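Notes for the one structure printed next.
Here, each number is a calculation from the coordinates, and none is a lab measurement. Values in this document were obtained by computation on a predicted structure and should not be read as measured data. All Cβ positions, glycine included, derive from the backbone under ideal geometry; neighbour counts span all protein chains shown.
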Amino acid sequence: MKASGPFWLWNASAIAIALPCLFACTPDAVDNEIPGNGIVANSTQQELTLEPALLPNETPVVKENNDPTETGNGEEIVVTSEPQTKIATFGGGCFWCVESVFDYLDGVVKAESGYEGGAIKDPSYDMVCSGATGHAEVVRVHYDPEKITFPELLEVFWKTHDPTTLNQQGNDFGTQYRSVIFYHDQKQKDLSEKYMKKIDESGAFNRPLVTEVSPTTTFYTAEEYHQDYFAKKPNDPYCNAVLVPKLYKLKEAFADKLKKPKE
């Protein structure tokens, strides 16, 4: 059940913080290449330089099918007739909001709402909302790494929710609303943990990040009425109170990464 009433998006310190692109990448860059353009660490505009991650750039071994597969370096990809895509999974509160945020990004082929990280098979929305299953509301993001990188997805993820509140986003309470990254390979794990540490050291938030970083488990697709929820119900009061401010923030901070309007 989604909470009603005003929604506290950020703590006072975080509202004032500008976190420009953590990991600007050139067209030839890959997920682990991070030019040291730095981030704005706090309201005094202190700059934090991020050194390269120095992770191997291995060529994946692709199996010709339409299912997610593991490549030679343990990286999960999806092979279709479309551009080769990778998968990332994030939880940052209500999945209606998280899905819509990622759907606006150029390079995101598909964003799918679902449940992950629990102990019960095939959970329903009501079961997850009870908090008894251990699942988090998450979004599985299929993205084209030639257009957007995993570090850039991390940046959007951390900027569009509050990663310092344990099992809570605004007025939504419970483990199902926890901040979580379910990594799909060692590189995603290393990058997630590396930048969590850098953000904490920068003082960008006045409290430590509590984002969970865990290996991916079984992903259960949420009921159909949850998919593209905001597109189906643009006048939903909850979405207008919670999601719309996030989208304004997204447009201001990531204008160059958004999908272009169709002509």
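Would you order 146, 212 from fewest to most other beta-carbon atoms within 10 Å of each residue's own beta-carbon?
With the fewest neighbours first, 146, 212 line up as 146, 212.
Just to be sure I understand the model, the point goes 7 Å from the Cα along the line to the Cβ. What's the resulting residue 104 to residue 224 distance in nm?
For residue 104 paired with residue 224, the spin-label model returns 2.8 nm.
Counting only other residues whose beta carbon sits under 14 Å from that of residue 254, what net charge do I get with K and R as +1, D and E as -1?
So the surrounding residues net to +2.
Output ³J(HN,Hα) for region 237-245: one whole-Hz value per residue in order, computed from phi by the Karplus curve 6.51 cos²θ - 1.76 cosθ + 1.60 with θ = phi - 60°, and x for Gly and Pro.
Once θ is set to phi - 60°, the couplings for region 237-245 become x, 4, 5, 5, 7, 9, 7, 4, x Hz.
At what distance in angstrom do the alpha carbon centres of region 162-234 and region 82-108 lie from each other?
Taking the Cα centre of region 82-108 as reference, the centre of region 162-234 is 12 Å away.
Across region 79-257, what fraction of all alpha-carbon pairs, as a whole percent, falls in each successive 10 Å bin from zero upward?
10, 39, 40, 12, 0
Considering the dipole of region 79-257 built from charges on the beta carbon (Lys and Arg +1, Asp and Glu -1) around the Cα centre, which of 222, 108, 163 is farthest to its positive end?
The listed residue farthest towards the positive side: 163.
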